[in-house]
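What follows is a single structure, written as structure tokens, with notes after it.
The values are calculated or read from the model by the stated rules, or taken from the named source; none is laboratory data. Since we're looking at a predicted model, the values are computed, not measured. Glycine also receives a Cβ, built like all others from the backbone with ideal geometry; neighbour counts cover every protein chain displayed.
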Ligand code: HEM
């Protein structure tokens, strides 16, 4: 094969799918409403206890452990993919600058993200031991790789890096932002677990409302301002609906199996994970975007800040997370009332902003940045 | 009366120091910015593109609402101003709190109080006289500053960490002021330069000469690797130095920055067009060549022909304004005016290179304004290459970078350092160690466990009383 990276990315696509299924099985078949203590780091968390009512043969397998193993295998594949892609890109660019991360086309960013996001998640899992988060993260990695493999982005041959991207500041800028996004992704996975627990009964309603809002924005608000490419739009909406339906189905399934109420302590601990992930992600994202991005933009376009749609969207994201951090600091996580819940929803909003700044904007607005 | 003002001042202070206000303002900024990403902004959008997209009416409405320049609109600037005040007030308030915190002495705690801390452990048994000293050394090795107070060791480190987030907020203010300085005292222009052009920068005591410019492709490829322009700085008629700039590598001199920012063919500014002109009856008058904005005389005919404009990709908006859709040579058109020698305009028209366009235009013109005395066709065009240089002077830049530096430092301090305090109570037959870290109860576990492991080597090894077996607690 001419481009080994493409081969490894295909392999990791499959492998992430398997991993996703394993995490799903783990989440569905293990009862997880017992408290988990963050101090239990390293030990197999108490989450892993088999539900008394569900001691069937399927539930007796330790799916969580297999999921983690499978994740590591997937990571090996995608690490190889990224390594090869870097070399291929370097060759195609005649090594104008000594080292580039493969981040100059949508295909490359998607594959790069699907490497770094699960990698960061692996660290989060090691540290906190809540494996339900993996369902979202590996699912997202699989979706990203599938999108990257789809004909519209095509596992294309690497081409020379455009002049504006030939800068070490760009590499630093993107790398920091991707690390930030990776932490936010784990944080969002944890947020989903948290909200799912917090709003046991009401969740379906809320989730439906959420999808309604997204759908409303996509169908109603954005076309008011922008002319859209219908095909891409239809594809994204279909993807969204599929994801939403799948997730909703999963919730329904899991919900039926659970009878005991969730302990407050468990909730608090999950919330702590959300906070830690977001609080670590924030400096990476903000420094990478506002500082390094600014320095690079000044060299390439003569200004460090220009209210370009993409950089503005990035500012919005950083600001939403700043609001999240402040809200959590003032209103606290121990609030069982609506404020505590609001903090969780702010985290959701932050991640939507991430998605908007990272992917959404490319479809809706012409921008200097539209290459990524 | 003064009590009245005092009350108002207090209310204002309370208003501007509230975090709720901060959240509202930040949310508003986020909202306006979001709208700003959906509507193209004036800074990088031409009027005609707005009209093509939103229609004339829609454009007028957007403009009235200042949505096409939202980041310069009064409401955005108003929110920004409030936010700056808010941030300043908060920072001042927090800084005082941090100062008080800094000055707060670390006090000895009673054994009971120690056992109410989130992390503590106790040992029972006879205590060797040098134990205290050895524990003190362990703590010092781990970076704690240790003080002795009667029967206790008081150890702490990183108390200054609390200033990290203050530094961060102050640095945010510095960045905002840097941006303001750029807005107020900065300047920027875009120059289209040809080979040999001399550029005089406003306010500068030097000139720039464009020696040459070129682009470079990747090997065996159409893709451009980079664009370059070779510039010479000339001061008082003397050449100071020569430098080649490229994308991502500007020239910087005396506070001015020159960036490689565009490259291409200068159709709109300097095209050379060749026109074939004939009388309405079909008599050919010949072909003539002229540059945009200039013209030529046809002496035999006693007319003067002026080329008013050249558009490489002619298009019309809905209210019939001609513009160039792209900068590529897709549908070239030249705007022609013909005068008699007294300066009276005889006719005006557009001349096209594409025959279908030419026919369409002539037939519609004939319908609207009757026959015209001459026919003009566009038969040839060339244009010089140009290099586009963005030139700026940006006094805010160092301020902003200075701010950036401390934004980063402040955040890192906030993230990686937490004020940690350890109390070691040395009783008759008992040692109690308690500790805590500001705002970070859980992460402190590891540090505390490591410390205990070292201290365990020192303290009495005797069987402890059954109920006090290594009582330890790590979560609430
Ligand atoms: C866009 C602007 C701002 C950003 C990006 C920002 C960011 C941050 C961050 C990251 C923290 C640390 C939060 C944590 O410990 O989890 C923080 C803390 C804080 N901020 Fe802001 N901030 C901003 C504006 C403001 C404003 C306007 C105020 C005043 C109302 C404010 C008041 C505070 C306070 C009181 C803390 C508490 C820190 C502590 O006790 O540890 N901030 N800010």
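When residue B:277 is tested against (1) under 20 Å from residue A:298 (Cβ atoms); (2) away from every other protein chain (no Cβ under 14 Å), just one condition goes unmet, and that condition is (1). With the condition kept exactly as written, say whether any residue in segment B:22-30 is more than 7 Å from every other protein chain (Cβ to nearest Cβ), farther than 26 Å from residue A:359 by Cα, assigned to a helix (DSSP H, G or I) and away from the ligand (no atom under 16 Å from the Cβ). No, segment B:22-30 contains no residue that is more than 7 Å from every other protein chain (Cβ to nearest Cβ), farther than 26 Å from residue A:359 by Cα, assigned to a helix (DSSP H, G or I) and away from the ligand (no atom under 16 Å from the Cβ). Taking segment A:83-107 as the range and being closer than 13 Å to residue A:175 by Cα and either within 14 Å of chain B (Cβ to nearest Cβ) or modelled with pLDDT of 85 or more (or both) as the test, the residues that pass are A:100, A:104.
For residue A:349, indicate whether it is surrounded by fewer than 23 Cβ atoms within 10 Å (Cβ to Cβ) and either away from the ligand (no atom under 11 Å from the Cβ) or assigned to a helix (DSSP H, G or I) (or both).
Working: surrounded by fewer than 23 Cβ atoms within 10 Å (Cβ to Cβ): yes; either away from the ligand (no atom under 11 Å from the Cβ) or assigned to a helix (DSSP H, G or I) (or both): yes.
Yes.
Of the residues making up segment B:116-128, none is under 34 Å from the mean Cα position of the chain (by Cα) and not in a helix (DSSP H, G or I). Only one of the numbered conditions (1) touching a residue at least 24 places away in the same chain (Cβ under 8 Å); (2) at the interface with chain A (Cβ under 10 Å from one of its Cβ atoms); (3) away from the ligand (no atom under 16 Å from the Cβ) is violated by residue B:19, and that is (3). Taking the stated definitions as given, is residue B:259 touching a residue at least 24 places away in the same chain (Cβ under 8 Å) and within 14 Å of another protein chain (Cβ to nearest Cβ)? Answer is yes for this residue.
The residue pairs whose first member lies in segment A:318-331 and is more than 10 Å from every other protein chain (Cβ to nearest Cβ), whose second member is modelled with pLDDT of 85 or more and within 7 Å of the ligand (Cβ to nearest atom), and whose beta carbons are closer than 6 Å, counting only pairs six or more residues apart or on different chains, are A:321/A:282.
Residues being within 16 Å of the ligand (Cβ to nearest atom), facing chain A (nearest Cβ under 9 Å), within 30 Å of residue B:316 (Cα to Cα) and touching a helix residue (DSSP H, G or I) at 6+ places or on another chain (Cβ under 8 Å) are entirely absent from segment B:42-51. Can you find even one residue in segment B:52-73 that is more than 14 Å from chain A (Cβ to nearest Cβ), within 14 Å of the ligand (Cβ to nearest atom) and farther than 21 Å from residue A:310 by Cβ? No, segment B:52-73 has no match at all. Residue A:344 meets the conditions (1) within 11 Å of chain B (Cβ to nearest Cβ); (2) modelled with pLDDT of 80 or more; (3) away from the ligand (no atom under 14 Å from the Cβ); (4) under 26 Å from residue A:189 (Cβ atoms) in every case but one. The failed one is (1).
Got at least one residue in segment B:215-232 being modelled with pLDDT of 85 or more, more than 30 Å from residue A:160 (Cβ to Cβ) and away from chain A (no Cβ under 14 Å)? The answer is no, given that none of the residues of segment B:215-232 is modelled with pLDDT of 85 or more, more than 30 Å from residue A:160 (Cβ to Cβ) and away from chain A (no Cβ under 14 Å).
Here is a yes/no grid of residues against (1) under 24 Å from the mean Cα position of the chain (by Cα); (2) modelled with pLDDT under 75; (3) within 15 Å of the ligand (Cβ to nearest atom); (4) in a loop (DSSP other than H, G, I, E, B):
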{"position": "A:259", "(1), (2), (3), (4)": "no, yes, no, yes"}
{"position": "A:274", "(1), (2), (3), (4)": "yes, no, yes, no"}
{"position": "A:278", "(1), (2), (3), (4)": "yes, no, yes, no"}
{"position": "A:284", "(1), (2), (3), (4)": "yes, no, yes, no"}
{"position": "A:287", "(1), (2), (3), (4)": "yes, no, yes, no"}
{"position": "A:291", "(1), (2), (3), (4)": "yes, no, yes, no"}
{"position": "A:304", "(1), (2), (3), (4)": "no, no, no, yes"}
{"position": "A:318", "(1), (2), (3), (4)": "yes, no, yes, no"}
{"position": "A:326", "(1), (2), (3), (4)": "yes, no, yes, no"}
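Quick check on my filter: what residues within segment B:171-190 are away from every other protein chain (no Cβ under 12 Å) and within 11 Å of the ligand (Cβ to nearest atom)? B:173, the sole residue that qualifies.
Yes or no, residue by residue, for (1) more than 25 Å from the chain's Cα centre (by Cα); (2) under 25 Å from residue A:360 (Cα atoms):
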{"residue": "B:5", "(1), (2)": "yes, no"}
{"residue": "B:27", "(1), (2)": "no, yes"}
{"residue": "B:31", "(1), (2)": "no, yes"}
{"residue": "B:36", "(1), (2)": "no, yes"}
{"residue": "B:58", "(1), (2)": "yes, yes"}
{"residue": "B:61", "(1), (2)": "yes, no"}
{"residue": "B:86", "(1), (2)": "no, no"}
{"residue": "B:99", "(1), (2)": "yes, no"}
{"residue": "B:103", "(1), (2)": "yes, no"}
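Restricting B:97, B:81 to residues that are in a helix (DSSP H, G or I), within 14 Å of chain A (Cβ to nearest Cβ) and within 13 Å of the ligand (Cβ to nearest atom) narrows the list to B:97.
In segment B:392-444, how many residues are within 17 Å of the chain's Cα centre (by Cα) and part of a strand (DSSP E or B)? Write out each step before concluding.
The initial filter retains those residues of segment B:392-444 that are within 17 Å of the chain's Cα centre (by Cα), namely B:392-408.
Still in the list and also part of a strand (DSSP E or B): B:392-393.
Number satisfying all stated conditions: 2.
Within segment B:157-206, how many residues are closer than 25 Å to residue B:268 by Cβ and not in a loop (DSSP other than H, G, I, E, B)?
At the first step, the residues of segment B:157-206 found to be closer than 25 Å to residue B:268 by Cβ are B:187-202.
Checking the rest, the ones that are also not in a loop (DSSP other than H, G, I, E, B) come to B:187-193, B:198-200.
The qualifying residues number 10.
Residues considered: B:414, B:419. Of these, the only one that is within 16 Å of the ligand (Cβ to nearest atom), modelled with pLDDT of 75 or more and surrounded by 20 or more Cβ atoms within 10 Å (Cβ to Cβ) is B:414. Residues of segment B:302-321 that are modelled with pLDDT under 85 and either part of a loop (DSSP other than H, G, I, E, B) or surrounded by 14 or more Cβ atoms within 10 Å (Cβ to Cβ) (or both): B:317, B:318, B:319, B:320, B:321.
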